[in-house]
């Protein structure tokens, strides 16, 4: 439907609604002067009836006086109402009401649609929309194209040197350690090549985690973009183990980038509700899944996680505090978290909270020290280290 056709239909519908409202207004009973005159006739009859009762002796003088006073009060109120109606009724009043209705229906409807609707968006049913999104995901740029777009085209000389070095290594465990070192150092191109060598050595014996790590390296190299090459590794990972949490998380990211929020929700919900406590992907999912559900048109409330920050009572108490007391309470909570991590250890999510909290409190040296210690705690765990590195970069620390 062309733009002018849409607006023409919308205007006709709005006029039809306005016409219905105006017609209903014309049929609405109005307590005008005619109704008040009828009331006055009734009151006149009541006064005559009081005189007759007094003459018959059924009521006394005092009772008659009281009844006349009551009827007289009603007559006065009716007279006031008649005068008020005469000043408000008239040809101008209906015209004003019609103008108000037209303004609300036409102008108000247009304003609401402009804010909530999608002017100019073509008509499309749900199924074709989803098919168009799937087609867009299938046609998205390759890993190399995205790297070129980011200005990070791979170094051919480095690839050649790595190929020579890795060809002599046949121990997957040695290569796994090499992958960890390269990944932690941010040498993503080298990490990708090392993981490719691991997959080549293991062949069909490559596990779900091997393919998931390959996908993770590609995603980090492309600064979060899930390319078709990364998707291929994720499919292989899930074919081996459909419960691989890292793979499910990254598949959800892929669908999120392609606008298939329903599919993202399907992959993420089990992790948000029952994923490994403290894993970086669960923390990231829990921060965003309610928004994803809303975008997918799904009503969803995230269940509370144990130890997921201050309680409702803490928040209520903080709301009643002065800024100085609130700051002191926050610093106390951060100190407790820091002491607990130092003595008992904790999840990567806890370390992430500590790093970010210290940075917000402008205690940058302590935040840097917390990050360095967290790196040592999670040494060899690529996903956890990537999550911590993101927290450090966003907090202005040295990763």
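Residues checked against (1) surrounded by 12 or more Cβ atoms within 10 Å (Cβ to Cβ); (2) modelled with pLDDT of 90 or more:
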position	(1), (2)
111	no, no
144	yes, yes
164	no, yes
170	no, yes
173	no, yes
193	yes, yes
Residue that is without any contact (Cβ under 8 Å) to a residue 24 or more places away in the chain and closer than 20 Å to residue 150 by Cα, where the choices are 253, 221, 231:
231
Output the residues belonging to the stretch 228-258 that are outside any helix (DSSP H, G or I) and surrounded by 18 or more Cβ atoms within 10 Å (Cβ to Cβ).
244, 258
Filter the stretch 376-391 down to residues that are part of a helix (DSSP H, G or I), more than 19 Å from residue 247 (Cα to Cα) and more than 25 Å from the chain's Cα centre (by Cα) and give me whichever is modelled with the lowest pLDDT.
389
Regarding the stretch 150-170, can at least one residue be identified that is closer than 18 Å to residue 223 by Cβ and part of a helix (DSSP H, G or I)?
no
From the list 399, 365, pick out the single residue that is more than 19 Å from residue 284 (Cβ to Cβ) and either assigned to a helix (DSSP H, G or I) or outside the structural domain of residue 334 (by TED's automatic domain parsing) (or both).
365
Which of the residues spanning the stretch 17-46 are surrounded by fewer than 11 Cβ atoms within 10 Å (Cβ to Cβ), over 30 Å from residue 75 (Cα atoms) and modelled with pLDDT of 70 or more?
23
So is residue 201 crowded, with 21+ Cβ neighbours inside 10 Å and part of a helix (DSSP H, G or I) or not?
no
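Yes/no matrix, rows are residues, columns are (1) surrounded by fewer than 13 Cβ atoms within 10 Å (Cβ to Cβ); (2) in contact with a strand residue (DSSP E or B) (Cβ under 7 Å, 6 or more places away or on another chain); (3) at pLDDT 70 or above:
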{"residue": "86", "(1), (2), (3)": "yes, no, no"}
{"residue": "100", "(1), (2), (3)": "yes, no, yes"}
{"residue": "121", "(1), (2), (3)": "yes, no, no"}
{"residue": "150", "(1), (2), (3)": "yes, no, yes"}
{"residue": "153", "(1), (2), (3)": "yes, no, yes"}
{"residue": "188", "(1), (2), (3)": "no, no, yes"}
With (1) surrounded by 11 or more Cβ atoms within 10 Å (Cβ to Cβ); (2) within 29 Å of residue 216 (Cα to Cα); (3) modelled with pLDDT under 80 as the list, and residue 330 as the residue in question, which single condition is left unmet?
(2)
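The values are calculated or read from the model by the stated rules, or taken from the named source; none is laboratory data. Keep in mind it's a predicted model, so treat the numbers as computed, not measured. We place every Cβ from the backbone using ideal geometry, glycine too, and count neighbours over all the protein chains shown.
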